[in-house]
Amino acid sequence: MKWVTYESGSGRHTGILDGDTVRGLRSGVTLLSLIEAGDHALAEAGDTARRAPEEVRSLEEVRLLAPLPRPPSVRDGLCFLDHLRGSNRALGRSEELHPVWSQIPAFYFTNAGSVAGPHDDVPVAPGSRMFDLELEVGAVIGRGGRDLSPATAERHIVGYTLFNDWTARDHQLRDLALGLGMGKSKDSALTLGPALVTVDELEDHRRDGRLALDLSASVNGDELTRGCLDRMDWTFGELLAFVSRGVDLSPGDVIGSGTVPGGCLLEHVRTPDLAQARWLVPGDVVTLRGQGLGQTRQTVVAGADVQPLSSGF
């Protein structure tokens with residue numbers, strides 16, 4: 001099933017996509033509550049939406065929100081190491097990676113309170129002149145767990161969604177200089193959607209045990225990159241196993257794959273002066289596509305003014 005959260009004339013609803021229509025459940029039922037109630041609850045709700053929906057509306061009549069507008073938490077991995085190599089190249093650094101990158105999958109916590117829907121406008125992060133997109137896939141936890149095994153951790157995933165990890169590269173350079181990891185550079189927005197596509201819907205795309213979903217990103221209609229999810233150096237099973245060491249994963253948690261190689265503007269920098277590179281500006285239209293996952297299409301708009309600190313920043 002393809003689960004969506006949407007707004008219509010009768011308020012906010014959860015429902016399933018059925019071609020060009022949405023079949024909605026009664027008001028008050030959220031996708032998170034269904035996931036928390038377990039696989040049977042989600043399946044039964046899907047059957048209800050098919051047989052006896054509260055409402056049926058065309059996609060043109062509704063505003064799609066993120067399928068999980070406020071997940072319990074969002075972590076983002078870095079599972080495509082060629083993305084890191086490409087970013088290092090753009091920054092004038094060595095493409096040879098430290099051995100630790102092949103020992104554990106990197107991840108960080110990002111802002112679960114800044115989730116945007118698949119067609120929402122995205123403001124430039126305040127003060128940023130180097131605003132970027134990142135093409136990713138998010139795995140959504142269905143069944144919680146701790147200390148998961150890499151061999152079985154993917155069984156805890158209920159479904160997948162497109163994930164755009166919007167990044168202020170100029171803020172990121174300051175974040176990294178502090179040595180404490182990602183902060184304001186990743187704080188302003190992340191996109192999930194258009195739907196949470198349940199695992200069973202995607203099984204036909206599995207190849208050699210991995211989901212082989214074609215993915216692409218474009219800016220103003222010009223394709224930036226094209227890749228495939230099965231090229232991850234760290235699998236979702238390995239990522240979830242590492243993330244869950246000594247920590248409970250909860251239903252509804254979102255875990256990002258990391259950026260598909262070439263799936264951000266940083267990797268396409270062809271000038272030694274990053275400030276002169278091509279970054280997103282108001283009016284740009286960013287589109288992500290994923291085989292079986294759908295499409296997000298968003299316009300970048302001007303962000304808020306910075307309220308300066310005593311230092312001037």
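The values are calculated or read from the model by the stated rules, or taken from the named source; none is laboratory data. Just so it is clear, the model here is predicted, and its values are computed rather than measured. Reconstructed Cβ throughout: ideal geometry from the backbone, glycine too, with neighbour counts over all protein chains shown.
Data overview
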{"quantity": "Unique match (being under 17 Å from the mean Cα position of the chain (by Cα), surrounded by fewer than 15 Cβ atoms within 10 Å (Cβ to Cβ), of a type outside the set (G, A, S) and assigned to a loop (DSSP other than H, G, I, E, B)) among R93, R70", "calculated": "R70"}
{"quantity": "Single condition P126 does not satisfy, out of (1) under 30 Å from L274 (Cα atoms); (2) buried (at least 23 other Cβ atoms within 10 Å of the Cβ); (3) out of contact with any Pro (no Cβ under 9 Å at 6 or more places or on another chain)", "calculated": "(2)"}
{"quantity": "Complete set of residues in region 179-231 that are surrounded by fewer than 16 Cβ atoms within 10 Å (Cβ to Cβ) and polar (S, T, N, Q)", "calculated": "N220"}
{"quantity": "Among (1) outside any loop (DSSP other than H, G, I, E, B); (2) in contact with a helix residue (DSSP H, G or I) (Cβ under 9 Å, 6 or more places away or on another chain); (3) under 30 Å from P308 (Cα atoms) - the single one W101 does not satisfy", "calculated": "(3)"}
{"quantity": "Every residue from region 198-222 that is among the polar types (S, T, N, Q) and part of a strand (DSSP E or B)", "calculated": "T198, S216, S218"}
{"quantity": "Close pairs from region 279-306: first in the same structural domain as S218 (by TED's automatic domain parsing) and of a type in the set (F, W, Y), partner modelled with pLDDT of 95 or more and not in a loop (DSSP other than H, G, I, E, B), Cβ under 6 Å, at least 6 apart", "calculated": "W279/F131"}
{"quantity": "Hits in region 223-233 (condition: touching a helix residue (DSSP H, G or I) at 6+ places or on another chain (Cβ under 8 Å) and part of a loop (DSSP other than H, G, I, E, B))", "calculated": "D233"}
{"quantity": "Count of region 218-229 residues which are more than 13 Å from F80 (Cβ to Cβ) and touching a residue at least 40 places away in the same chain (Cβ under 8 Å)", "calculated": "5"}
{"quantity": "Looking only at region 183-197, and only at residues there that are in a strand (DSSP E or B) and not aliphatic (A, V, I, L, M), the one that is farthest from the chain's Cα centre (by Cα)", "calculated": "P194"}
{"quantity": "Whichever residue in region 20-67 is among the β-branched types (V, I, T) and in a helix (DSSP H, G or I) and, among such residues, is surrounded by the most Cβ atoms within 10 Å (Cβ to Cβ)", "calculated": "I35"}
{"quantity": "From the options D82, D121, D132, residue that is touching a strand residue (DSSP E or B) at 6+ places or on another chain (Cβ under 6 Å), surrounded by 15 or more Cβ atoms within 10 Å (Cβ to Cβ) and among the acidic types (D, E)", "calculated": "D132"}
{"quantity": "Residue list for region 4-19, restricted to those being of a type in the set (S, T, N, Q) and surrounded by 15 or more Cβ atoms within 10 Å (Cβ to Cβ)", "calculated": "T5, S8, T14"}
{"quantity": "Exclusive hit being assigned to a loop (DSSP other than H, G, I, E, B), among the aliphatic types (A, V, I, L, M) and either at pLDDT below 95 or out of contact with any helix residue (DSSP H, G or I) (no Cβ under 8 Å at 6 or more places or on another chain) (or both), set V260, V247", "calculated": "V247"}
